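The structure appears right after this line, and notes come after that.
Taken together, the values in this text are just the output of simple stated rules run on the coordinates, not laboratory data. All of these numbers come straight from a predicted model, not from anything done at the bench. All Cβ positions, glycine included, derive from the backbone under ideal geometry; neighbour counts span all protein chains shown.
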Amino acid sequence: MSILVTPQTRVLVQGITGAVGARHAQLSLAYGTQVVAGVTPGKGGQRFEQKVPIFDTVAQAVAATGATASAIFVPPAFAADAILEAADAGVALVVCITEGIPVNDMVKVKRALAGASTRLIGPNCPGVVTPGEGKDSQGGCRIGIAPGYIHKKGHVGVVSRSGTLTYEAVWQLTCRGVGQSTCVGIGGDPVNGTSHLDVLKLFNDDPETHGIIMIGEIGGAAEEEAAAWIKQHCRKPVAGFIAGATAPPGRRMGHAGAIISGGKGTAAAKIAALREAGVAVAETPSVMAETLLRRM
Amino acid sequence: MNIHEYQAKQLLAQYGVVVPSGGVVTTPAEAQAMAEKLFAGGVSRVVVKSQIHAGGRGKGVFKNGVQGGVKVCASLEEAVTRAEAMLGQVLVTKQTGPEGRRVSKLLIEAASAIKRELYLAVLLDRGVSRPVVMASTEGGMDIEEVAAKTPERIFKETIDPAVGMLPYQARKVATALGLTGDLLGAGAKLIQGVFKTWWESDAALVEINPLCVVEGPGGKEATVAVDAKIGLDDNSLYRHKDIQAMRDLAEEAPLETEASRHELNYIKLDGNIACLVNGAGLAMATMDIIKHYGGNPANFLDVGGGASKEQVTAAFRIILSDPNVRAILVNIFGGIMQCDIIATGIVAAVKETGLTLPLVVRLEGNNVGLGKQILKESGLTIISGDSMADAAEKVVRALAN
């Protein structure tokens, strides 16, 4: 098993005809993911790559194809609308890749999704991968922009705010012959749909996940919140890394959410909270996999 | 993006927040005209305030020796003298760093007869993903210090984005600030205006410190936003043309502005090892690992997910513009980005810039074999790093030699 998605998950892509959406829909198809529909308003009735039907609305796509997950690649100004359209159509898992969405748009989206059955991952995230059994992990479910070939099917869960740092951890595991159950990028924005803690709970309940790598960064208090929960409830070995120990306060380090303000959100505080919870904290980003494997 | 105090007050005034009368000036003549107008209007004192994007102006010192970037003046002559002494001079405060900032604009406004100083701010509470209004009776002080020493003196009201700030919530905040009688209604209206400014402008932070209870005409008390600071959410600027026009490039580091023109994310730091990385998290982690091996990063630089050859060249130019740089570390995890394209960009950039500093390159991911081959066949002296740790160690060692 895995969390959030399986190789059977039926995926639709919102913004499938845009440059980035098209490229990654293609890569997901090549990976063996069940990309069953695309949505681009005004292009309903066409086909993507002569294969995947395109619809005008998410509701039509869901009704016709039974898609249960969506990947969103629409521009930032339209992303909030796209997320809520997917939720309205009953899509269970919405993964929003779009970077640069106004923070207040996400505040409204989060409020609108409260109590809804839809789970949002992201925005500003690399997406979700459950590796498959084929060559270079093909045959898995890839939603988003992560490179498929770096993965390997296995039993480590990876959750991270950062894209390339996720790839770094996954590749370290794969190079050591250790596979992953599911890899989740939750995104670098201050308001996101799914937190580190949400994903940790899913990994904790997944019998196929035997160990967890959690990658955080400066800003906010989500890592501290996760640490408190790990201490009480987590039954699996967890290794962590926090990026930004050398970042100056008050500066936004690329991600809108990666900022130390008012003396809060420092790497030191997060590392201390993780250690206190029994998490093995990697000294450097080069040893994330090694740090976990020593615990397993 | 940050804006000046006078711009913040313009925005606040649009949403009905009471601010002192006055305006911005850029020359001594304009300063004289503004001060004359205020004194003629019956004001007994005016305040001359340096406009820079940094706090601590009042206690700041100009490089020409003049003390204080904010001065209260009791006469027209004094106001003009002060303005002349400040305009064009470099002000150093605890937030500007030793290099200071040149003051090219002054805000001249009526000085209020302050009876009490309060604190009011609106920001995002990340824990609940909702706006929060923060208020304290301890105005005019460093709020972080208040939060650390006397957290009970900070009042917080969380706002439901579905309905916005309701009048009763504004009254709750006003009451927590000790505003009663006639001041309760006026204070609540001001508080709602401050929230509205935050929400409608897509601000990251609106801070009124101090929010003052002042003695108005006829001895009647009133609430006035005496100082104001606004930071905007960069992601939302596209829908605020009026606020975009408030950008002051003179307040931004020139290299950072140049980087943003090439859609690169660059932040200058104090060290001497420049780094060029794809992805914000990996870029931060690269700085961390340089430090771990005893080096000091010269910058944060994220070239993004799909950097072109032109962007890589621009990135090299930018990091080499920093005179402190003694070595360079390139760390690319080519997930989707192809390592051969990056390698071609690196070779072109090294040739174009005539680089002589030690360069360590760590490439991983898509087409990595081809990428390494391009670097090798270029004939350039490029040190190859096999992992992040190996690359960081090598760049620190290269610097030591």
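With charges set only on the Cβ (+1 for Lys and Arg, -1 for Asp and Glu), what does the dipole of the stretch A:152-293 come to about its Cα centre, in debye to the nearest 20?
Roughly 100 debye for the stretch A:152-293.
From zero outward in steps of 10 Å, how is the percent of C-alpha pairs of the stretch B:1-136 spread across the bins?
Bins of 10 Å from zero give 12, 37, 34, 14, 3, 0 percent of pairs.
Give B:LYS351/B:LYS394; B:LYS115/B:LYS229; A:LYS231/B:LYS291; A:LYS201/B:LYS149 a once-over and call out the pairs whose C-alpha atoms are over 27 Å from each other.
Working: B:LYS351/B:LYS394 22 Å; B:LYS115/B:LYS229 21 Å; A:LYS231/B:LYS291 30 Å; A:LYS201/B:LYS149 35 Å.
Long pairs (Cα-Cα over 27 Å): A:LYS231/B:LYS291; A:LYS201/B:LYS149.
Pull up the DSSP beta bridges for the stretch A:10-121 and report the antiparallel fraction as a percent, rounded to 5.
Just about 10 percent of them are antiparallel.
Suppose only helical runs count, i.e. DSSP H with n ≥ 4. What mean residue ellipticity at 222 nm does that imply for the protein assembly as shown under -39500 (n - 2.57) per run, divided by all residues and rounded to the nearest 500 deg cm²/dmol?
My calculation for the protein assembly as shown gives -10500 deg cm²/dmol from helical runs alone.
Note down the net charge around B:GLY345, summing +1 for each Lys or Arg and -1 for each Asp or Glu among other residues with Cβ under 9 Å from its Cβ. Don't skip to the answer; put the middle values down first.
Values: positive: B:LYS309; negative: B:GLU310.
Net charge in that neighbourhood comes out at 0.
Using Cα pairs closer than 8 Å and at least 6 residues apart in sequence, work out the relative contact order for chain B, in percent. List each step's numbers first, then the result.
On the way: 834 pairs, mean separation 48.5, N = 401.
Result for chain B is 12 percent.
May I ask what percent, to the nearest 5, of DSSP beta bridges between residues of chain A are antiparallel?
On the way: 10 of 46 bridges.
About 20 percent, rounded to the nearest 5.
Based on the mean of other beta carbon atoms within 10 Å per residue, what is the order of A:145-151, A:110-116, most packed first?
Working: A:145-151: 23.7, A:110-116: 13.1.
So the order, starting with the most tightly packed, is A:145-151, A:110-116.
Can you give me the C-alpha center-to-center distance between the stretch B:43-92 and the stretch B:181-256, rounded to a whole angstrom?
First find each Cα centre; the distance between them is then 22 Å.
List residues of the stretch A:206-236, by number, whose backbone nitrogen lies under 11 Å from a label position 7 Å along Cα→C-beta of A:MET296.
The answer is A:209-213.
Which whole number gives the average count of other chain Cβ atoms within 10 Å of the Cβ atoms across peptide A:251-262?
Details: counts 5, 6, 9, 14, 7, 5, 2, 5, 1, 0, 5, 5.
The mean count of partner-chain Cβ atoms within 10 Å per residue comes to 5.
Can you grab the distance from the C-alpha centre of the stretch B:321-377 to the C-alpha centre of the stretch A:1-71, Å, no decimals?
Between the Cα centres of the stretch B:321-377 and the stretch A:1-71 lies a distance of 36 Å.
Evaluate E = 1/(1 + (r/R0)^6) for B:VAL128 and A:ARG23, where r is the Cβ-Cβ distance and R0 equals 51 Å; express this FRET efficiency to the nearest 0.05. Working shown, then result.
Working: r = 36 Å, r/R0 = 0.71.
For R0 = 51 Å, the calculated efficiency reads 0.90.
What are the equivalent ellipsoid semi-axes of the stretch A:152-293, built from the alpha-carbon gyration tensor (square roots of five times its eigenvalues), in whole angstrom, biggest first?
The answer is 23, 16, 14 Å, longest axis first.
So what's the projected area for chain B, the Cα convex hull averaged over all directions, in nm²? Kindly include the intermediate steps, with their values, before the conclusion.
On the way: hull surface 92.3 nm².
Taking a quarter of the hull surface, the average projection is 23.1 nm².
How charged is the neighbourhood of B:ILE191? Take every other residue with its Cβ under 12 Å from the Cβ of B:ILE191, and add Lys/Arg as +1 and Asp/Glu as -1.
On the way: positive: B:ARG171, B:LYS172, B:LYS189, B:LYS196; negative: B:GLU157.
Residues near B:ILE191 contribute +3 overall.
When a footprinting reagent is the concern and you count Cβ atoms within 10 Å, what order do B:TRP199, A:TRP171, A:TRP229 take, fewest first? Could the numbers behind the result be given before it?
Details: B:TRP199 19, A:TRP171 22, A:TRP229 16.
The order, fewest Cβ neighbours first, is A:TRP229, B:TRP199, A:TRP171.
For chain A, what is the per residue volume of the convex hull drawn over the alpha-carbon atoms, in cubic angstrom? Please report the intermediate quantities before stating the final value.
Numbers: hull volume 34.5 nm³, N = 296.
Cα convex hull per residue, to the nearest whole number: 117 Å³.
Report the local net charge at A:ASN204: Lys and Arg +1, Asp and Glu -1, summed over other residues whose C-beta lies under 13 Å from its C-beta.
Numbers: positive: A:LYS201, A:LYS231, A:ARG235, A:LYS236; negative: A:ASP198, A:ASP205, A:ASP206, A:GLU208.
Surrounding charge for A:ASN204 is 0.
Can you sort B:ARG362, A:ARG275, B:ARG326, B:ARG126 so the residue with the fewest Cβ neighbours within 10 Å comes first?
Working: B:ARG362 23, A:ARG275 13, B:ARG326 17, B:ARG126 20.
Sorted ascending by nearby Cβ count, the order is A:ARG275, B:ARG326, B:ARG126, B:ARG362.
Got a sec? How would A:CYS183, A:CYS175 order by Cβ neighbour count within 10 Å, fewest to most? Walk me through the numbers before you get to the answer.
On the way: A:CYS183 29, A:CYS175 13.
In order of increasing Cβ crowding within 10 Å: A:CYS175, A:CYS183.
With a cut-off of 13 Å, note down the residues of the stretch B:207-246 whose backbone N falls inside the zone around a label point 7 Å from the Cα of B:SER44 toward its beta carbon.
Those under the cut-off are B:215-220.
Give the average, rounded to an integer, of partner chain Cβ atoms located within 10 angstrom of each Cβ in A:160-172. Please list the in-between numbers first.
Values: counts 1, 2, 7, 9, 19, 9, 5, 10, 11, 0, 1, 5, 2.
Mean number of neighbouring Cβ atoms from other chains: 6.
Send over the per residue convex hull volume for the protein assembly as shown, Cα only, as a whole number of Å³. Walk me through the intermediate numbers first.
Numbers: hull volume 114.4 nm³, N = 697.
Considering the Cα atoms of the protein assembly as shown, their hull volume per residue is 164 Å³.
Which value results when the Cα radius of gyration for the stretch A:10-121 is divided by 2.2 N^0.38 Å?
For the stretch A:10-121, the normalised Cα radius of gyration comes out at 0.98.
Calculate the spin-label point distance for A:GLU225 paired with A:SER117, positioning each point 7 Å from the Cα along the beta-carbon direction, and give it in nanometres.
2.4 nm
Cα to Cα, under 26 Å, and not fewer than 8 places away if on the same chain: which lysines meet these conditions relative to A:LYS51?
Result set, ordered by chain and number: A:LYS43, A:LYS135.
Let me confirm one metric for peptide B:322-335, namely the mean number of other chain beta-carbon atoms within 10 Å of its residues' beta-carbons. Write out the running numbers ahead of the final one.
Working: counts 0, 0, 0, 0, 0, 0, 0, 0, 0, 3, 1, 9, 3, 14.
Whole-number average of other-chain Cβ neighbours for B:322-335 is 2.
Over chain A, calculate the relative contact order: mean separation of alpha carbon pairs under 8 Å at least 6 apart, over the residue count, as a percent. Can you show the working numbers first?
Details: 741 pairs, mean separation 41.5, N = 296.
Dividing the mean separation by the residue count of chain A yields 14 percent.
Please report the antiparallel percentage of DSSP beta bridges with both residues in the protein assembly as shown, rounded to the nearest 5. Please report the intermediate quantities before stating the final value.
Values: 62 of 114 bridges.
DSSP beta bridges in the protein assembly as shown are roughly 55 percent antiparallel.
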